[in-house]
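**Q** What follows is a single structure, and I will ask about it in a moment.
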Amino acid sequence: MIRSNYIIFAHDMSKSEEKRQQDIRSSLILPNDVQEVPRLAEFVDAACEAAGFDMSTTMQMNLAIEEAVVNVMDYAYPPGTKGDVCIEAVAGDNGLVITITDNGTPFDPTTRGEVDTTLPAEQRSIGGLGIMLMRRYMDSTEYKREGDRNILTLTKKRTN
Amino acid sequence: MKTTFKKENNQLIMAFFGRLDTAAAVQTEKDMQVLYDCDGCDIVLDCDQLEYISSSGLRLFLGLLKVAKPKGSRVCISGLSNDLRQVFNMTGFTNLFEIV
């Protein structure tokens, strides 16, 4: 009886190992409206689960990706004009790769200066925190401009 | 995202529940107006039930501190989870607020 249970368990393990070897791809297109952020969170949660991330890493990914996407929603298109932001996720053995694309104004968030987090409250500025969090929580952030598109690629490796 | 507010022993206490993301920050800023109107009494931001905060939420906390501190109010943050404490550390917010 015990032996038979063991065999079933081992079989399940090998099936899940096989599944792991295939990348899981998903994508989401959102309008430039920050009220859509909860839909982004659902999408990121699913991608993180596919990548095998724990809860802490999933929270960090939500934070980093929200900051990058909200930045596009707030600043890529002139005020009052509609535009989209496309988010693609590839979850695989090595972790998660997120690609964020828009057709807005050229903007490279990967070259923004760090915030001085040692300043007292009176001198702290309200801006810049989001991009800093994005850069800190991701293993790599890469930007390129292709034609009229901004393409930002965020990578997080799986450590467990 | 939900907040509750009470005044107790001359302290203003606001508790945060759920996800304080950019979408929720709009309403939360309105909820926090009652704290901005403080007149020197201490403020407690109870984050025991806060699951998530993005920079939009952090901005609200910093904005409150900038208004309340010159009036002589102390602003305390209580109940942060380990994950959120890390966010506060990373942004230097643990140096700005009293973390209890």
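**Q** Apply the a/c threshold of 1.5 to the C-alpha gyration tensor of the protein assembly as shown and tell me whether it is rounded, prolate or oblate. Before the final figure, lay out the partial values.
**A** On the way: a/c = 2.29, a/b = 1.42, b/c = 1.61.
Note, shape of the protein assembly as shown comes out oblate.
**Q** Could you go through region B:3-18 in sequence order and give the Karplus-derived ³J(HN,Hα) for each residue, using 6.51 cos²θ - 1.76 cosθ + 1.60 with θ = phi - 60°, rounded to whole Hz, and x for Gly and Pro?
**A** Karplus values, whole Hz, x for Gly and Pro: 10, 10, 10, 8, 10, 9, 6, 6, 10, 9, 10, 10, 9, 10, 10, x.
**Q** May I pose another question? Which percent of Cα pairs goes in each bin when the distances of region A:88-142 are cut into 5 angstrom slices starting at zero?
**A** 4, 15, 20, 21, 16, 11, 7, 4, 1, 0
**Q** Could you check the spin-label model distance between B:Lys6 and A:Glu122? Points 7 Å from the Cα along Cα→Cβ, value in nm.
**A** Result: 3.5 nm between the two label points.
**Q** Please identify which residues in region A:102-119 have an amide N closer than 16 Å to a label point set 7 Å out from the Cα of A:Asp148, following the Cα→Cβ vector.
**A** Counting only backbone N, you get A:102-107.
**Q** If you don't mind, there's one more thing I want to ask. Test of understanding: extend the Cα→C-beta vector of B:Asn95 to 7 Å, then name every residue of region A:110-127 with backbone N under 17 Å from that spot.
**A** Backbone N within reach: A:114-127.
**Q** At R0 = 45 Å, how high is the FRET efficiency between A:Arg112 and B:Val34 if r is their beta carbon distance? Nearest 0.05 is fine.
**A** Given R0 = 45 Å and the Cβ-Cβ separation, E is 0.85.
**Q** Restricted to Cα positions, what overall size does region B:2-99 have along the principal axes? Three whole-Å values, descending.
**A** Its Cα atoms span 31, 26, 20 Å along the three principal axes.
**Q** When the Cα centres of region A:82-146 and region A:49-66 are compared, how far apart do they sit, in Å?
**A** A separation of 15 Å, based on Cα centres.
**Q** With an 8 Å cut-off on Cα pairs and a minimum separation of 6 or more residues, tell me the relative contact order of chain A in percent.
**A** 25 percent
**Q** Under the classification rounded if a/c is under 1.5, otherwise prolate if a/b is larger than b/c and oblate if not, where does region A:21-90 fall, given a ≥ b ≥ c as square roots of the Cα gyration tensor eigenvalues?
**A** Verdict is prolate for region A:21-90.
**Q** Translational D (Stokes-Einstein, µm²/s) of region A:25-157 at 25 °C and 0.890 mPa s when Rh comes from the Kirkwood sum over C-alpha pairs? Could you put the intermediate results ahead of the total?
**A** Numbers: Rh = 15.2 Å.
The estimated diffusion coefficient comes to 161 µm²/s.
Each value in this text was obtained by applying a stated rule to the coordinates, not by laboratory testing. Keep in mind it's a predicted model, so treat the numbers as computed, not measured. All Cβ positions, glycine included, derive from the backbone under ideal geometry; neighbour counts span all protein chains shown.
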